[in-house]
Amino acid sequence: MKDKTGMYLAAADIGATHVRSGVFTGNTGGEYGDDVDEIQCVVLRKEALCRDGPDGRAVTEQVVRMIQTVCDEAGCQPDAVGISTAGPLSVGKESIRMSPNMPYPEIPLKGPLEATFPCPVSILNDASAGAYYECHRGEGQGCNNLVYLTISTGIGCGVISGGHLVEGANGNAGEAGHFCVDTIYNLPCGCGGRGHWEAYASGSGMPQFFRAWCGRYGHGISVGEVGTAETLCAAARAGDPNLTAFFRELAVINGRGLSTVIAAYAPEKIIVGGPVATENPELILAQAREYADAYLPTPDIVLSAADGMAPLIGAAVFAGESVENSVGSPSV
């Protein structure tokens, strides 16, 4: 084994709205393959996701460039590269395939990254990377069974069970945003299905749910008045009676989603990230917990304290601990 008390870990987090990249130093305590005991951020960057390229390779090139830029700024060659990305991932985790929240049918990742950076490359679903961070460095330290739930442009779920990251056959396990939570409104989801949690409660889905709710109850609000999830939350916080009633309806949906996550994974703790939830905890989480309790007992539910960085740092930690560990997921 090669002694390596300080690794340079490069990472990128590819979301539907932004791409983050960073370089971190990780101390393995002696050898490749050991746990990363310490991790420090060296440099960070953030850009809007390229949405107007000819095909998905525009995002590939953006990610490669952003990783190369932070490595140049840090004055290093990475010992490992970790990628956190909104899914779904292709078989073999080579690319992003048919993401409902991205404008390209496929975004190649693994091949171009391995061709550019002569080091191991690890790719995780973003919620899985978030779960990995929270278990190692965040609100879930010491917890062997947890769920990281992110509510942002979409809804994602990462699972640690029995001390191991649950990825499934192709890295897409835990797609809680596509749990079916409703058959009354039967709203379309970006994936092509209907009634999925993401179609109602995510940043992209909330406005369409509000329009449908207004139509059902005769509130006569025009499409132009609906705005975004952010403006809907702001109006509810300001005391708008229509929005107050709407968020009670949304709480029913979120309660069903939470209770399904609990029934599926039996976590000791649920850690919630993503700006829709973390910026509106009373609107989103407090009310949802009431309805989830009506279905079954809820575990401890807390907000992530990572300020949106959990998937990026989780990808870096996972990459560092995966060096010379090519079979299976590192345990916590």
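The values are calculated or read from the model by the stated rules, or taken from the named source; none is laboratory data. All figures in this text were calculated on a predicted structure; none of them were measured in a lab. Note that we place each Cβ from the backbone using ideal geometry, even for glycine, and neighbour counts take in every protein chain shown.
Observations on the model:
- Residue check for A169: surrounded by fewer than 17 Cβ atoms within 10 Å (Cβ to Cβ) and of a type in the set (A, V, I, L, M, F, W, C): yes
- When the residues of segment 59-76 are filtered to those that are aliphatic (A, V, I, L, M) and closer than 24 Å to G6 by Cβ, the one that is surrounded by the most Cβ atoms within 10 Å (Cβ to Cβ) is I67.
- Scan of segment 145-192 for residues that are within 18 Å of A251 (Cα to Cα) and over 14 Å from the mean Cα position of the chain (by Cα), ordered by number: F179, C180, V181, D182, T183, I184, Y185, N186, L187
- Residue within segment 265-272 that is surrounded by fewer than 19 Cβ atoms within 10 Å (Cβ to Cβ), closer than 30 Å to V42 by Cα, in contact (Cβ under 8 Å) with a residue 40 or more places away in the chain and of a type outside the set (S, T, Y) present: no
- Annotation note: of P78, P100, the sole residue that is at pLDDT below 95 and in contact with a Cys (Cβ under 8 Å, 6 or more places away or on another chain) is P100.
- P103 meets each of the listed conditions (1) surrounded by fewer than 22 Cβ atoms within 10 Å (Cβ to Cβ); (2) in a strand (DSSP E or B) apart from (2).
- If you go through segment 118-140 and keep only what is touching a helix residue (DSSP H, G or I) at 6+ places or on another chain (Cβ under 7 Å) and assigned to a loop (DSSP other than H, G, I, E, B), you end up with P120, R137, G138, G140.
- Unmet requirement for A201, which otherwise passes all of (1) small (G, A, S); (2) surrounded by 15 or more Cβ atoms within 10 Å (Cβ to Cβ); (3) more than 20 Å from the chain's Cα centre (by Cα): (3)
- Test for R20: is it of a type outside the set (D, E), buried (at least 17 other Cβ atoms within 10 Å of the Cβ), at pLDDT 95 or above and within 22 Å of the chain's Cα centre (by Cα): yes
- If the condition is being over 13 Å from E198 (Cα atoms) and crowded, with 24+ Cβ neighbours inside 10 Å, then segment 142-158 contributes L146, V147, Y148, G158.
- Among the residues of segment 290-303, those that are part of a loop (DSSP other than H, G, I, E, B) and of a type outside the set (S, T, N, Q) comprise A294, Y295, L296, P297, P299.
- Qualifying positions in segment 210-236 - farther than 22 Å from G154 by Cα, among the small types (G, A, S) and at pLDDT 85 or above: G215
- Selection over segment 262-289 of residues that are of a type in the set (G, A, S) and assigned to a helix (DSSP H, G or I) gives a count of 5.
- Set A306, A266: member being within 14 Å of the chain's Cα centre (by Cα) and of a type outside the set (S, T, N, Q): A306
- Test result for A315, modelled with pLDDT of 90 or more and in contact with an Asp or Glu (Cβ under 8 Å, 6 or more places away or on another chain): yes
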